[in-house]
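Participant: I have a structure I would like to understand better, so I am pasting it below and will then ask my questions one at a time.
The values are calculated or read from the model by the stated rules, or taken from the named source; none is laboratory data. No experiment lies behind these values; they were computed from the predicted model shown. Positions of Cβ are generated from backbone atoms using ideal geometry, with glycine treated the same way; all protein chains shown enter the neighbour counts. Remember, those area values only see protein heavy atoms, side chains included, never the ligands or the DNA or RNA. Shrake-Rupley method; radii C 1.70, N 1.55, O 1.52, S 1.80 Å.
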2 protein chains.
Amino acid sequence: MSAPLKNDRFLRALRREPVDRTPVWLMRQAGRYLPEYRETRRQAGSFLGMAKQPEIACEVTLQPLRRFPLDAAILFSDILTIPDAMGLELYFVEGEGPKFRHPVRDAAAIARLGVPDMETELRYVMDAVRLIRRELDGAVPLIGFSGSPWTLACYMVEGGGSKDFARIKAMALNDPQALHALLSVNTDAVIAYLAAQRAAGAQALQVFDTWGGVLSPAMYREFSLPYLTRIAKELERGDGADRAPLILFGKGTAAYLDDLAQTGADGVGVDWLIELGDAARRTGGRVALQGNLDPATLYGAPEAIRREVRRALDSYAAGNQGSRDGHVFNLGHGMSPDMNPDHVAVLVDEVHAYSAR
Amino acid sequence: MSAPLKNDRFLRALRREPVDRTPVWLMRQAGRYLPEYRETRRQAGSFLGMAKQPEIACEVTLQPLRRFPLDAAILFSDILTIPDAMGLELYFVEGEGPKFRHPVRDAAAIARLGVPDMETELRYVMDAVRLIRRELDGAVPLIGFSGSPWTLACYMVEGGGSKDFARIKAMALNDPQALHALLSVNTDAVIAYLAAQRAAGAQALQVFDTWGGVLSPAMYREFSLPYLTRIAKELERGDGADRAPLILFGKGTAAYLDDLAQTGADGVGVDWLIELGDAARRTGGRVALQGNLDPATLYGAPEAIRREVRRALDSYAAGNQGSRDGHVFNLGHGMSPDMNPDHVAVLVDEVHAYSAR
């Protein structure tokens, strides 16, 4: 049905197969640091308006690929589409991040939640995936994604971002059963959502556990890890040859790398708070690793960016028995609006040039 | 000169000597969660106005001790008094945290910085320490403190709090020599400041490396750890019998516990992102450990608080060959204004009751 893939470095790296150079993409590569993105957004009016119109989501997804020789595209969307479709009503306040009009705060509200229908309530996402695949025409693979069950729950209970996660942690302490019920329906929804994105054409899938790192180890092992594991296991049972590799990304979760490597996921996304070589040693070739430059490196001058890129590439190889296989280059977290597109070009070129063999 | 200490549990624990029960104090125990604090602040007008008037700083320091049987008092002050005294002019905007009117952004501005005179420019701190010691009358030991060289530098360069630390990380990448010059003068100032607090009567000292955890390991080892080590080494050379034990607290720096335990500090403060038993195993009795309940535990119901307190106490003992020695109970980070004082009472009582022998 679709065009053969011209650049499969990213998928090969996730399978830990040899590649001619290390593939690279950047979290939030389609974003406000690009003038053409700001122009599209000005016309569309809002972030959510862009994400919900497949033509615009497609245009924005492709923008960074016109500038930089990136090895993957990632669907332009939000990590919170699922709770929005569950009826919580996502909205954005400038400078304050995402919020929900109807947060869920107790067992009764949680009991009313259900898995949204993917081809009606989240059809705009699937339409975007189909359109982007057509427009990409096999240039690079397309990554679909979702927030993790725990990270979705944070926003759903807090009603938005939080500094201390007081409400959801109080729920974890006082009514863990209610929280497990919430995480359980979120997990069902994430699995259905990622499977639907895969069916629509996504060639790899990433789960963002943005807030996994705010939990104590005991709470992480109770409220986040088991649900990530279930996602990995159930998506693995998917359709054989057509299986899209799964990447689990967590912020501040380097302490759980061994556990994440045992979930059955193909890749683990690593933030910049651990040496990539240490991460490679600890996971011992069981998964591909994706990361892990501090995004703030892009505030450095070009020579500093090149130096840090080489350091990260060398660190990975040193921890991976001298081989660059199984490494997808990325930042350790998303890009920021005030970053310089010229610096992104320097980063991408250096990854390819230095890793070429 | 001063009254003999009636409760030396805290100091004994820092020396890893046996105690009748585990000592406990809480970071930001003197703060807005207390109605009497809010009343004092209303009268004084501002946070900084309170910190700069020794009588008010003394009153506020003592407030939590009148409510709870805490085993230590901590000077009411700010971690940023040093750069304020260097001429950067600290001020606070409601809901935005600390800011500096004159941030330092280049080598020329850094070259103009000098170590403030402790008994003139920071006399209000030393007067507060002397007054609190007198008023405490030996009830419990008094802790003095400072921000770490790196954490001070973050605020000095960014001009306030930051989400991504873009400016200081750009300096680290593009002009590391300038940043080292800044960290060096900060370190000289922190050492002089802590020594002066000790001379004025502080019986223990804590350094807050609040932002150590935003750095990659390579940067942490270049820009934070060596300066913490210098502080520990130079304060150790202090006056024999009168030596005040030093605690190094870092947020998000559990990966460096081994390094911190080798600095020569007496105690290491641990956040809640590591099991306390693992921290004890990794430091192997070389230092006392202080921590590490997730502050959000105080949002839980009393029974949940008691359960988590017991878990932390047991975790420490399990990692410390069955012994509670060398543990100072604390939160893994500071308290928040919306916490319930009754819950603090539950926590403090449970620490003492459960650890009693």
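Participant: Restrict the check to segment B:308-328 and report whether at least one residue is facing chain A (nearest Cβ under 9 Å), in contact (Cβ under 8 Å) with a residue 60 or more places away in the chain and either open to solvent by 10 Å² or more (accessible area, probe 1.4 Å) or touching a strand residue (DSSP E or B) at 6+ places or on another chain (Cβ under 8 Å) (or both).
Facilitator: Within segment B:308-328, not a single residue is facing chain A (nearest Cβ under 9 Å), in contact (Cβ under 8 Å) with a residue 60 or more places away in the chain and either open to solvent by 10 Å² or more (accessible area, probe 1.4 Å) or touching a strand residue (DSSP E or B) at 6+ places or on another chain (Cβ under 8 Å) (or both).
Participant: Inside segment A:81-139, can you point out the residues that are under 30 Å from A:A3 (Cα atoms), open to solvent by 50 Å² or more (accessible area, probe 1.4 Å) and not β-branched (V, I, T)? Walk me through how you get there before you give the answer.
Facilitator: Taking segment A:81-139 and keeping what is under 30 Å from A:A3 (Cα atoms), we get A:81-82, A:117-139.
In the following step, the residues that additionally are open to solvent by 50 Å² or more (accessible area, probe 1.4 Å) were identified as A:117, A:119-121, A:123, A:130, A:134-135, A:137.
Selection gives A:D117, A:E119, A:E121, A:R123, A:R130, A:R134, A:E135, A:D137.
Participant: Can you pull out the residues in segment A:141-161 that are in contact with a helix residue (DSSP H, G or I) (Cβ under 7 Å, 6 or more places away or on another chain) and open to solvent by 10 Å² or more (accessible area, probe 1.4 Å)?
Facilitator: A:Y155, A:E158
Participant: If only one of B:A304, B:A279 is assigned to a helix (DSSP H, G or I), in contact with a Gly (Cβ under 8 Å, 6 or more places away or on another chain), of a type in the set (G, A, S) and within 11 Å of chain A (Cβ to nearest Cβ), which one is it? Steps first, please.
Facilitator: Numbers: B:A304 fails: in contact with a Gly (Cβ under 8 Å, 6 or more places away or on another chain).
That would be B:A279, the only listed residue that is assigned to a helix (DSSP H, G or I), in contact with a Gly (Cβ under 8 Å, 6 or more places away or on another chain), of a type in the set (G, A, S) and within 11 Å of chain A (Cβ to nearest Cβ).
Participant: Tell me, which residue of segment A:282-301 that is more than 9 Å from every other protein chain (Cβ to nearest Cβ) and open to solvent by 10 Å² or more (accessible area, probe 1.4 Å) is nearest to B:A166 (Cα to Cα)?
Facilitator: Ranking the candidates gives A:R282 first.
Participant: Now a separate question. Please go through segment B:64-77 and pick out each residue that is under 19 Å from the mean Cα position of the chain (by Cα) and surrounded by fewer than 20 Cβ atoms within 10 Å (Cβ to Cβ). Let's see the steps before the verdict.
Facilitator: Initially, segment B:64-77 is screened for residues under 19 Å from the mean Cα position of the chain (by Cα), giving B:64-65, B:70-77.
Of everything in segment B:64-77, just one residue is under 19 Å from the mean Cα position of the chain (by Cα) and surrounded by fewer than 20 Cβ atoms within 10 Å (Cβ to Cβ), namely B:L65.
Participant: Quick one: B:D338 ticks every box in (1) within 13 Å of chain A (Cβ to nearest Cβ); (2) out of contact with any Phe, Trp or Tyr (no Cβ under 8 Å at 6 or more places or on another chain) bar one, so which box is it?
Facilitator: The number of the failed condition is (2).
Participant: Tally time: how many residues in segment B:256-273 are hydroxyl-bearing (S, T, Y) and over 15 Å from B:Y220 (Cβ atoms)? Give the steps one after another, and end with the answer.
Facilitator: From segment B:256-273, those hydroxyl-bearing (S, T, Y) are B:256, B:263; that's our starting set.
In the following step, the residues that additionally are over 15 Å from B:Y220 (Cβ atoms) were identified as none.
The number of residues fulfilling the criteria is 0.
Participant: Within the set of pairs 6 or more residues apart or between chains, which connect a residue that is within 14 Å of another protein chain (Cβ to nearest Cβ) inside segment B:262-275 to a residue that is open to solvent by less than 10 Å² (accessible area, probe 1.4 Å) and of a type in the set (S, T, N, Q) with Cβ atoms less than 7 Å apart?
Facilitator: So the pair list comes out as B:V270/B:Q290.
Participant: Does B:A255 meet the test of being of a type in the set (A, V, I, L, M) and facing another protein chain (nearest Cβ under 10 Å)? Don't jump to the end; show me each part of the working.
Facilitator: On the way: of a type in the set (A, V, I, L, M): yes; facing another protein chain (nearest Cβ under 10 Å): yes.
Yes; evaluated as a whole, the condition is true for this residue.
Participant: Within segment A:152-185, which residues are more than 15 Å from A:T210 (Cα to Cα), of a type outside the set (A, V, I, L, M) and more than 14 Å from chain B (Cβ to nearest Cβ)?
Facilitator: Answer for segment A:152-185, where residues must be more than 15 Å from A:T210 (Cα to Cα), of a type outside the set (A, V, I, L, M) and more than 14 Å from chain B (Cβ to nearest Cβ): A:G159, A:H180, A:S184.
Participant: While we're here: Residues that are more than 19 Å from B:P141 (Cα to Cα): list the helices (runs of 4 or more DSSP H) wholly contained in segment B:44-112 that include at least 3 such residues.
Facilitator: Working: elements: B:47-51, B:54-67, B:107-111.
Output list reads B:47-51, B:107-111.
Participant: I would also like to ask the following. List the helices (runs of 4 or more DSSP H) that sit entirely inside segment A:167-276 and contain at least 3 residues that are of a type in the set (V, I, T) and open to solvent by less than 30 Å² (accessible area, probe 1.4 Å).
Facilitator: So the answer is A:176-200.
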